[in-house]
Amino acid sequence: MLRGASAEAHAELASELEGSRDDAEKLGEELFGVAALLRGEPALRRIVTDASVEPEAKAALVGDVFGGALNDTTLKLVRSAVQRRWTASNDLADVIEELGVLAAVRSAGNDGNKISDELFEVRRVVDQTPGLRTALSDPSRSAEDKGGLLRSLFGAKLLPATMLLVEQAATGTHGAIDQALEDFQHSAVQAIGEKLATVHAAQELSDDARRRLAVALGAHYDTAIHLLVAVDPEIVGGVRVEIGDDVIDGTVASKLEDAQRRLAG
């Protein structure tokens with residue numbers, strides 16, 4: 001969770017990104033590369049987040065380091081980032097990665113609302129395939145190797161923007177890949193102005209049930225809701241909804257447990 005100066009910097013940089021009209025997919029790729037370098041070079045990261053160093057000097061250093069490796073839009077955004085104040089040194093790389101996620105989602109245009117669903121499906125496959133999960137968590141395999149494995153499995157099935165995020169999730173910067181995919185799901189939904197709600201149900205919901213649930217949740221949280229439905233055969237009936245830190249449990253099992261507690265009391 002970003003705090004103070006870092007939260008303010010994130011909001012302002014996201015606004016700058018929104019005003020960019022260059023190739024969003026390329027921008028996302030380059031921002032991910034910048035975030036990786038900052039994480040891998042602690043000395044550089046400390047200098048460009050040091051409040052005692054003149055902002056212009058930090059911007060000049062970024063130009064020297066990244067120079068011809070970045071297009072003008074990416075370099076301008078990174079220079080703007082290092083001239084801002086940061087609550088913690090690590091926040092800079094995290095925010096630049098987050099900007100990369102936003103750029104990737106924007107590159108999908110009208111298909112941006114499909115990205116979270118596709119990430120959810122990749123996450124489900126990884127969770128249900130022990131061999132794949134082991135390969136992706138193997139520290140001896142490089143990020144490039146893991147990315148190649150993921151492209152061979154999912155490349156023809158996903159939007160290019162989703163594939164870019166899946167490969168980024170395999171770099172290990174968020175720990176396990178399933179955690180990274182979940183984080184990116186939330187970011188992808190936020191990028192289109194919605195809030196993510198994961199619904200656990202015994203069976204798939206009909207289109208009408210999805211619509212009614214999304215409307216009800218939207219009214220409660222005062223925002224548009226993007227539903228992801230996870231079929232869970234252990235649920236006897238009803239649904240359990242996870243939205244942010246909230247859990248709304250309307251399953252039969254939950255109601256029975258509540259009744260048993262009342263009787264025991």
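The values are calculated or read from the model by the stated rules, or taken from the named source; none is laboratory data. These numbers come from a predicted model, not from an experiment. Cβ sites come from the backbone with ideal geometry, for glycine too, and all protein chains shown count toward neighbours.
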Of the criteria (1) farther than 27 Å from G109 by Cα; (2) of a type in the set (D, E, K, R); (3) in a helix (DSSP H, G or I), which one E234 fails: (3)
Looking at this structure, is Q190 without any contact (Cβ under 8 Å) to a residue 60 or more places away in the chain and out of contact with any Leu (no Cβ under 9 Å at 6 or more places or on another chain)? no
Hits in the range 239-250 - residues which are without any contact (Cβ under 8 Å) to a residue 24 or more places away in the chain and part of a loop (DSSP other than H, G, I, E, B): D245, G250
Selection from the range 172-185 of residues that are crowded, with 17+ Cβ neighbours inside 10 Å and part of a helix (DSSP H, G or I): I177, D178, A180, L181, E182, D183, F184, Q185
Which listed residue, of A169, A191, A161, is modelled with pLDDT under 90, under 24 Å from N110 (Cα atoms) and buried (at least 16 other Cβ atoms within 10 Å of the Cβ): A191
Determine the pairs where a residue that is in contact (Cβ under 8 Å) with a residue 12 or more places away in the chain and under 13 Å from R240 (Cβ atoms), located within the range 197-221, has a partner that is loosely packed, with under 14 Cβ neighbours inside 10 Å and not basic (K, R) with Cβ atoms under 7 Å apart, the partner being 6 or more residues away or on another chain. A201/V231; A202/P233; A202/V236; A202/G237
